[in-house]
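The values are calculated or read from the model by the stated rules, or taken from the named source; none is laboratory data. What you are looking at is a predicted structure, and each value in this text was computed from that prediction instead of being measured. As a convention, Cβ positions derive from the backbone with ideal geometry for all residues, glycine included, and neighbour counts pool all protein chains shown. Remember, those area values only see protein heavy atoms, side chains included, never the ligands or the DNA or RNA. Shrake-Rupley method; radii C 1.70, N 1.55, O 1.52, S 1.80 Å.
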Amino acid sequence: MPVDENYTRVSEFVIVGFPSLQPEYFDLVAWFFFFLYVTTVVGNLLLVVVFALEHSLQKPMYIIMVSFSTVALPKLIARYWWNDGSLGFHTCLFQEHMIHYFGSLNSLILLTMALDRYLAICFPLRYPMVMTNQTMTGLTLFCWVVAHIFSGISTINFAMMPFCGPNQIIHAFCDTMSLTPLVCGDSRQGFRAAFATAMFILYVPLAFIIFSYICIIISVLGMGRMKTFSTCATQGCIISIYYIPRFFVYSTPFFPNLTMTPDKRIATTLFYSLFPPLINPFIYCLRTKEIKQIFRRWQVFHDLVLLF
């Protein structure tokens, strides 16, 4: 449907959040997301400090672990604490860009970590020479750049689309799924382009991840070192949490028999977006032998200081 070129573009959007949530639960939901936000930020900042102070941890396995995915929570918390869900037009586009940037970046980081484990287990003798700090740093920088390119395609696409009518976003943040219904005129072509981009950046890495894990399983079974599976179990859990729910959210519009209410869609999106960075400090690093030893050493040093 064509749109008049002289339309008046909306100046702001309003984050609605969970549409069925009753007002008496707003404070409880706000406190819940505030707790998630503080825990995620403090936990990941702790890792940054540990990595910066301990040179022994500045190696390939740990360079790619520090990641933040909390760009959406402050506004969502404000929505339920102070009923402030408004976002300026360009602020919403910036949030949409960062949301998809972190999604693309996480996918590429999981790919890099799968590559790291694949080389470490299948080619242990070559691993120290191939996966150096310089190599991992280069791969990480490459992921940061490529993630911006893919999310930028969607952002530029939305910046040129006409938004002249409703401005209420039935979601917890601005993203492709929430902005597409607000476009004036036919938005199917733009949505298909965004969907194709998202599927490429998500499932091409997933294909290699699956391939690498198959190779790892074959290699481990051949060596009879079943204990090696424990090094991959954590990654396998995070990968499942990240990819499986995301597939259902993005695929729902293309399957008439697969429906999700707005509340379920929002809850699923928040789960796969917020849960991995929340538990990263606990399951990736606090289970690692080197970091446990560092914390014990810091505790001993602290006790000695108190004695004197």
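Within the range 18-32, the set of residues being within 21 Å of Ser178 (Cα to Cα) and among the charged types (D, E, K, R) is empty.
Of everything listed in (1) farther than 28 Å from Thr39 by Cα; (2) at pLDDT 65 or above, the single unmet condition for Arg246 is (1).
In this structure, is Thr268 touching a helix residue (DSSP H, G or I) at 6+ places or on another chain (Cβ under 7 Å), assigned to a loop (DSSP other than H, G, I, E, B), of a type outside the set (D, E, K, R) and at pLDDT 70 or above? Answer is no for this residue.
Criterion applied to Ser178, Ser151 was being out of contact with any Phe, Trp or Tyr (no Cβ under 7 Å at 6 or more places or on another chain) and either at positive phi or open to solvent by less than 30 Å² (accessible area, probe 1.4 Å) (or both), and the one residue passing it is Ser178.
Contact map, the range 18-43: first residue over 22 Å from Pro262 (Cα atoms), second residue at pLDDT below 90 and outside any loop (DSSP other than H, G, I, E, B), Cβ cut-off under 6 Å, separation 6 or more or different chains; pairs are Tyr37/Leu73; Thr40/Pro277; Thr40/Leu278; Gly43/Pro281. If I filter the range 84-109 down to residues being among the hydroxyl-bearing types (Ser, Thr, Tyr) and surrounded by fewer than 19 Cβ atoms within 10 Å (Cβ to Cβ), which single residue comes out as nearest to Ile209 (Cα to Cα)? That would be Thr91.
Inside the range 83-133, residues that are in contact (Cβ under 8 Å) with a residue 60 or more places away in the chain and at positive phi make up a count of 0. Residue count for the range 17-49, restricted to those that are surrounded by 14 or more Cβ atoms within 10 Å (Cβ to Cβ) and either touching a His at 6+ places or on another chain (Cβ under 8 Å) or under 24 Å from Leu87 (Cα atoms) (or both): 12.
Residues are listed down the side, and each one gets a yes or a no for (1) farther than 28 Å from Leu278 by Cβ; (2) open to solvent by less than 20 Å² (accessible area, probe 1.4 Å); (3) at pLDDT 80 or above; (4) among the aromatic types (Phe, Trp, Tyr):
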position: Asn167; (1), (2), (3), (4): yes, no, yes, no
position: Cys174; (1), (2), (3), (4): no, yes, yes, no
position: Gly185; (1), (2), (3), (4): yes, no, no, no
position: Phe191; (1), (2), (3), (4): yes, no, no, yes
position: Tyr213; (1), (2), (3), (4): no, no, yes, yes
position: Gly224; (1), (2), (3), (4): yes, no, no, no
position: Phe255; (1), (2), (3), (4): yes, no, no, yes
position: Lys264; (1), (2), (3), (4): no, no, yes, no
